[in-house]
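Presented below is the structure to which this report refers.
The values are calculated or read from the model by the stated rules, or taken from the named source; none is laboratory data. Computed from a predicted model, the values in this text were never measured in an experiment. FYI the Cβ positions are ideal-geometry reconstructions off the backbone, even for glycines, and counts take in every protein chain you see.
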Amino acid sequence: MSEWNAVLYDQKHNFISKFGGGLVELLAPQRGENILDLGCGTGDLANKIANQGALVHGIDASETMIHQAQTKYPQLQFSVNDATQINVHHQFDAVFSNAALHWIKQPEIVVQNVYDALKSNGRFVAEMGGKGNISSIVNAIKQSMNELGYAYIEDYFPWYFPTAEEYSKLLEREGFQVKMMTLYERPTQLIGDEGIRNWLQMFSNNIFQHLSNTQKQNVIQLCEEILKPQLYKEHTWIADYWRLRFVAVK
């Protein structure tokens, strides 16, 4: 996966951590609990959890994200760590994850690693992209690349968007008890008139990795034109997000 632009993430996509506030409430961190924030990004939600008295260890596969998190919150513990190879030295009372799990196309390994990282009765509280997430955007990318004569390579598709039933079965096979699982529509406002352009610049680099920068910009421009009648309302870009939120207990 290509490296993240942590500054663009904080400046133009801070809605990710803002929407995650409700997930922190669902986690209900208790003072003194050890909590692993899996895919912590630039650390905003880890800080929110820590402010409630928990001891947080934030991990992310991106060095730039972890560097930004360490710069913003030097009092917290962060490390570069891949969710498919979680390397921690003790078990946690809870594992928390917001908007990260859909980036990992080896979900069985992730769920197994989370299970191993939890204490008995530990909870796994997470939200990720679910079935139908950004379907308009994905279709526009495919249409744009086809119209421009650029190859769309399926193996470069970076996301995993499961159904509620699919992910529930995955958790249960590993030994989790699923306490809550819901797939819901969450139209998401992007920032500014270039909201969809910034979104594509931030999140679609894997799909465009075989293109030159000029070709990439051509795709983004055509995507913008295709999506404007669907997703641009009253001078605001609204991304067609579907989220899968769950609580599972070991």
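Quick look at the numbers
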{"item": "Scope segment 116-154; condition under 28 Å from residue 208 (Cα atoms), among the charged types (D, E, K, R) and not in a helix (DSSP H, G or I); matching residues", "result": "127, 131"}
{"item": "Output for segment 213-243, where each listed residue is more than 30 Å from residue 126 (Cβ to Cβ) and among the acidic types (Asp, Glu)", "result": "224, 225, 234"}
{"item": "Close pairs (7 angstrom Cβ cut-off, 6 or more residues apart or separate chains): closer than 17 Å to residue 153 by Cβ in segment 194-214, modelled with pLDDT of 95 or more and of a type in the set (Ser, Thr, Tyr) anywhere", "result": "206/156; 207/156; 209/156; 211/150"}
{"item": "Residues that are at pLDDT 95 or above and surrounded by fewer than 18 Cβ atoms within 10 Å (Cβ to Cβ), drawn from segment 81-102", "result": "91"}
{"item": "Test result for residue 245, closer than 22 Å to residue 158 by Cα, buried (at least 18 other Cβ atoms within 10 Å of the Cβ) and either of a type in the set (Asp, Glu) or in contact with a Gly (Cβ under 9 Å, 6 or more places away or on another chain) (or both)", "result": "yes"}
{"item": "Test: residue in segment 154-169 that is touching a Ser or Thr at 6+ places or on another chain (Cβ under 8 Å), touching a residue at least 40 places away in the same chain (Cβ under 8 Å), surrounded by fewer than 17 Cβ atoms within 10 Å (Cβ to Cβ) and over 27 Å from residue 26 (Cβ atoms)", "result": "no"}
{"item": "Residue that is nearest to the chain's Cα centre (by Cα) [pool: residues in segment 175-185 that are buried (at least 17 other Cβ atoms within 10 Å of the Cβ) and assigned to a strand (DSSP E or B)]", "result": "183"}
{"item": "Output for segment 103-123, where each listed residue is exposed (fewer than 14 other Cβ atoms within 10 Å of the Cβ), in contact with a helix residue (DSSP H, G or I) (Cβ under 9 Å, 6 or more places away or on another chain) and closer than 23 Å to residue 24 by Cβ", "result": "none"}
{"item": "Residue in segment 198-230 that is surrounded by the most Cβ atoms within 10 Å (Cβ to Cβ), counting only those that are of a type in the set (A, V, I, L, M) and out of contact with any Pro (no Cβ under 9 Å at 6 or more places or on another chain)", "result": "200"}
{"item": "Options 41, 58, 53, 22: the member that is assigned to a helix (DSSP H, G or I) and small (Gly, Ala, Ser)", "result": "22"}
{"item": "The lone exception for residue 172 - which of (1) surrounded by 14 or more Cβ atoms within 10 Å (Cβ to Cβ); (2) within 30 Å of residue 116 (Cα to Cα); (3) without any contact (Cβ under 8 Å) to a residue 24 or more places away in the chain; (4) not small (Gly, Ala, Ser) it fails", "result": "(1)"}
